Structures are given as structure tokens and as C-alpha cells.
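Undergrad: Let me give you the structure first, and then I'll get to my questions.
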Amino acid sequence: MIRRTCAIVAALMLALTPAAAAAEVEPVAKKLDIPWGLAFLPDGSALFTQRDTGQIMSLKDGQVTEVQKIDESEPTDGEGGLLGLAVSPGFESDRTVFVYYSTSEDNRIAKLRLGEAPQPILTGIAKNRYHNGGRLAFGPDGMLYATTGDAQDKGTAQDLNSLNGKILRMTPDGKPAPDNPFGDSVVYSIGHRNPQGLGWDGAGRLYSSELGDATWDEVNLIEGGKNYGWPDCEGECGNGEYVDPLVTWSVKDSSPSGLAVHGDNLYVAALRGQRLWQIPLNGDGTVGEPKSLFQGEYGRLRTPVAAPDGTLWVTTSNQDNNGEPGPDDDQILSITP
């Protein structure tokens, strides 16, 4: 762990670097209520979810309006509620978006045409107050990916019969992708505690950020059929049965939620760490030294997304149970790196 510890120390010493100071930050929306999922439509406008209110909101030309409320969505007084949102790759013709949300019974994924009732495509993902995962994203292969937490039941992460503690890969109808690694199953990778970030680089490699337990948070390079170790392994373990993470941080310095690929970097939003981590991509699946940006300036950061105009949008999460909201919170920030 000496090498990894040195990397962490070096990263912390780079907090508020000149690169961070030079970045331009502009709020594009204020006074929101725990924005969680965020995605762009083909016309350049954005949709986002509000976790506890169950609303899908539109952000266009600086104006925020409600699109609809998901009545079945129920907050868990913790991390559950209306979470991830993904826009269909064929939105211009099918007008469909996908949402991940908690109900009175479970976590589930549904598709809907905006303004219409959601149609569940995958149900039975166990929920709990915490560890609900919740990120949705379409990959370059046209498949829908989802992150699920262990729902505070550690054993589910290693159980192939459980949807929890996994990264899932499915068709837009919720069926297992034809070449998934575990047969007729939507499970793509196992051994996850509470992953909340998904992003692909230009070569199609998938990265995920994951909230650890008491010691290490992670960024992982995700490959189908691989085991990422939880609950037997947290952080870098050097055990050949499990895949070691690319990056680890102390939980107090990160608690990562969303992840985005922007240019030649990964950007990871930190909740407890109250910063944005910038991680250089080396082009071969390895990464460079992380840099800490905006530490303590905007509070808890939740979701980064590459915007069509070349900026990076990032949501704050200061209205949740662990935040200390300011007068403008929560916000969506537009960052020009």
C-alpha cells in the first residue's frame, strides 16, 4: 500500500492547483432540491432528476421547469429516491428516457416517454436506506448500464443470483445483453459495494467510481465477468481473484458519486471530500496522478456530465442529510476546465 498511499498524499498536496484556479465556473441553475441524474437531449437542453421530490426537471436557456413527477418514487431518508437518468440513443425518434428509482418495495429501472407513465423494465433490485447505487448510462455498444449497491447486505455483492452489488448491462427493454458474461443474466461485473459513477473513454473502456466502507474509495476499470472484491477486499488487496482499483482515496477525502470522461481526463465528484477529482487518462487504460479541484468551494458534489458545448456540468448535493446548504443550493455548475 506504500505506493498507493504516496499517490494519495501527492494528490492532496495538489488541492487548489493553478489548473483549478484557472477554470471558469458559472452556475446555470440554483435553488434545486438534490439534483441526482443529469443528461442532455439532442437539442442541447438538459434533464435532471431530484432525488427526494421524485421530479424530472428540464433546464433550457437557463429556465428550470418540471417535466413530470414519478409518483412511485419514494425517498428512503438516506440515499434512495429518484436517482439515475439516461436518454435513449434514439431519442429523436423514440422520445424515450430511462430512470432508476426506489419504490415502496424495491429499486427499479423504467423507461418512459416524457410526460407519460413509466414502464418498468427491471424490478427487484433490493433497496435500503443506504447503498442503492443508481447510476444509468448508455454505453458505446448501445446497451444500458446500471450500478447497484449492496443495500447494506454485504453478501449480495458476491451472489450471482442477486442484482445488488453489481454493474448491470441490458438491452433497452431490460433483457440481458446477448454477450453478457454470466449467461442469461443482466449482471456484468460483481463485487461492488456502492458504485455510483459510469463513463467510457474514446477507446470504449468503462470506468466506475465506488463508495468504500471505512477506509478506501475507488475508481475501477470495469471488464465483463470480473470480480471487484467487496466485501472480501476494499481498496488495493493484491489478490489475484479480484481486480485492484486504478485509484484509491481515503473516504474522508472523496466519497465519490458520479464520474465523467471529459477530454483526456476522468472527473469524479466527491461528496464528503467536497471537491472534484481530475484524473488524467494515459490512453492505455491506466491513469495519472489525481488532482483535487475546488476543495470546499461548492460543498458536496454529486454528478459531473460532459456538456454539448464543451464544458463540464456538475451538480451539488448540499440539501441532503449530510450537507450544509448555502442560499443558492443546490446548484448545477458549468465548468470550463
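Undergrad: Taking into account only those residues within segment 48-100 that are in contact with a Phe, Trp or Tyr (Cβ under 7 Å, 6 or more places away or on another chain), closer than 22 Å to SER334 by Cα and among the small types (Gly, Ala, Ser), which is surrounded by the most Cβ atoms within 10 Å (Cβ to Cβ)?
TA: Applying the filter and picking the extreme gives GLY84.
Undergrad: Still on this structure, please answer the following. Look at ASP77 and say whether it is within 28 Å of ASN318 (Cβ to Cβ), touching a residue at least 60 places away in the same chain (Cβ under 8 Å) and touching a helix residue (DSSP H, G or I) at 6+ places or on another chain (Cβ under 9 Å). Break it down stepwise before answering.
TA: Working: within 28 Å of ASN318 (Cβ to Cβ): yes; touching a residue at least 60 places away in the same chain (Cβ under 8 Å): yes; touching a helix residue (DSSP H, G or I) at 6+ places or on another chain (Cβ under 9 Å): no.
Judged against the criteria, ASP77 is not a match.
Undergrad: Every residue in segment 191-205 that is open to solvent by 10 Å² or more (accessible area, probe 1.4 Å) and either under 17 Å from GLY263 (Cα atoms) or touching a Leu at 6+ places or on another chain (Cβ under 6 Å) (or both), please.
TA: Here is the first cut: in segment 191-205, the residues open to solvent by 10 Å² or more (accessible area, probe 1.4 Å) are 193, 198, 200-205.
Hits for segment 191-205 are LEU198, TRP200, ASP201, GLY202, ALA203, GLY204, ARG205.
Undergrad: Give me the residue from segment 260-301 that is of a type in the set (Phe, Trp, Tyr) and touching a Ser or Thr at 6+ places or on another chain (Cβ under 7 Å) and, out of that set, surrounded by the fewest Cβ atoms within 10 Å (Cβ to Cβ). Give the derivation first.
TA: Within segment 260-301, the subset of a type in the set (Phe, Trp, Tyr) is 267, 277, 294, 298.
Adding the requirement that they be touching a Ser or Thr at 6+ places or on another chain (Cβ under 7 Å) leaves 277, 298.
Values: TRP277: 28, TYR298: 23.
That would be TYR298.
Undergrad: What number of residues within segment 249-259 satisfy the criterion of being in contact with a Lys or Arg (Cβ under 8 Å, 6 or more places away or on another chain) and either buried (at least 24 other Cβ atoms within 10 Å of the Cβ) or without any contact (Cβ under 8 Å) to a residue 40 or more places away in the chain (or both)?
TA: Number satisfying all stated conditions: 4.
Undergrad: Determine whether ASP150 is within 28 Å of ASN321 (Cα to Cα), open to solvent by less than 20 Å² (accessible area, probe 1.4 Å) and touching a His at 6+ places or on another chain (Cβ under 8 Å).
TA: Values: within 28 Å of ASN321 (Cα to Cα): yes; open to solvent by less than 20 Å² (accessible area, probe 1.4 Å): yes; touching a His at 6+ places or on another chain (Cβ under 8 Å): yes.
Yes: the conditions hold for ASP150.
Undergrad: Would you mind telling me which numbered condition in (1) within 30 Å of ALA203 (Cβ to Cβ); (2) modelled with pLDDT of 95 or more PRO337 fails?
TA: Among (1) within 30 Å of ALA203 (Cβ to Cβ); (2) modelled with pLDDT of 95 or more, the lone unmet condition for PRO337 is (2).
Undergrad: Could you list, ordered by first residue, the pairs with Cβ atoms under 6 Å in which the first is in segment 132-148 and under 18 Å from PHE40 (Cα atoms) and the second is surrounded by fewer than 21 Cβ atoms within 10 Å (Cβ to Cβ) and among the small types (Gly, Ala, Ser), at least 6 apart or interchain?
TA: From residues that are under 18 Å from PHE40 (Cα atoms), the pairs are PRO140/GLY204; MET143/ALA177; TYR145/GLY139.
Undergrad: Can you tell me which condition ALA214 does not meet? The list is (1) modelled with pLDDT of 95 or more; (2) of a type outside the set (S, T, N, Q); (3) open to solvent by 40 Å² or more (accessible area, probe 1.4 Å); (4) over 24 Å from GLY37 (Cα atoms), and all the others hold.
TA: Result: ALA214 passes all but (1).
Undergrad: Here's a follow-up. GLU24 - would you say it is modelled with pLDDT under 95 and open to solvent by 30 Å² or more (accessible area, probe 1.4 Å)?
TA: Working: modelled with pLDDT under 95: yes; open to solvent by 30 Å² or more (accessible area, probe 1.4 Å): yes.
When the stated conditions are applied, GLU24 passes them.
Undergrad: Under 7 Å between Cβ atoms, which residue pairs at least 6 apart in sequence (or on different chains) link something in segment 206-235 that is farther than 16 Å from TRP249 by Cα with a partner that is part of a strand (DSSP E or B) and aromatic (Phe, Trp, Tyr)?
TA: Every condition considered, the pairs that remain are LEU206/TRP200; ILE222/TYR207; GLY224/TYR188.
Undergrad: Yes or no: PRO118 farther than 27 Å from VAL247 by Cβ, over 17 Å from the mean Cα position of the chain (by Cα) and buried (at least 21 other Cβ atoms within 10 Å of the Cβ)?
TA: Working: farther than 27 Å from VAL247 by Cβ: yes; over 17 Å from the mean Cα position of the chain (by Cα): yes; buried (at least 21 other Cβ atoms within 10 Å of the Cβ): yes.
It is true that PRO118 is farther than 27 Å from VAL247 by Cβ, over 17 Å from the mean Cα position of the chain (by Cα) and buried (at least 21 other Cβ atoms within 10 Å of the Cβ).
Undergrad: Among the numbered criteria (1) among the hydrophobic types (A, V, I, L, M, F, W, C); (2) assigned to a loop (DSSP other than H, G, I, E, B); (3) within 21 Å of the chain's Cα centre (by Cα), which single criterion is violated by PHE182?
TA: Failed condition: (3).
Undergrad: Residues being open to solvent by 10 Å² or more (accessible area, probe 1.4 Å) and part of a loop (DSSP other than H, G, I, E, B): count how many of those fall in segment 121-138.
TA: 7
Undergrad: May I pose another question? Could you list, in sequence order, the residues of segment 219-246 that are open to solvent by less than 20 Å² (accessible area, probe 1.4 Å) and either acidic (Asp, Glu) or under 21 Å from SER317 (Cβ atoms) (or both)?
TA: Within segment 219-246, the first condition is being open to solvent by less than 20 Å² (accessible area, probe 1.4 Å), and the residues that meet it are 219-220, 222, 228-230, 233, 235, 245.
Once the filter is applied, which keeps residues that are open to solvent by less than 20 Å² (accessible area, probe 1.4 Å) and either acidic (Asp, Glu) or under 21 Å from SER317 (Cβ atoms) (or both), segment 219-246 yields only VAL219.
Undergrad: How about segment 192-290: which strands (runs of 3 or more DSSP E) wholly inside it have at least 3 residues that are closer than 22 Å to LEU333 by Cα and of a type outside the set (Phe, Trp, Tyr)?
TA: Passing ranges, in order: 256-262, 265-270, 275-280.
Undergrad: Which of the residues that make up segment 136-175 are of a type in the set (Val, Ile, Thr) and closer than 22 Å to VAL261 by Cα?
TA: Within segment 136-175, THR147, THR148, ILE167 meet the criteria.
The values are calculated or read from the model by the stated rules, or taken from the named source; none is laboratory data. Predicted model, so just to flag it, every value in this text is computed and none were measured. Note: ideal-geometry Cβ built from the backbone for every residue, glycine included; neighbour counts use all protein chains shown. To get the accessible areas, we keep the full protein, side chains included, count just its heavy atoms, and leave off ligands, DNA and RNA. Shrake-Rupley method; radii C 1.70, N 1.55, O 1.52, S 1.80 Å.
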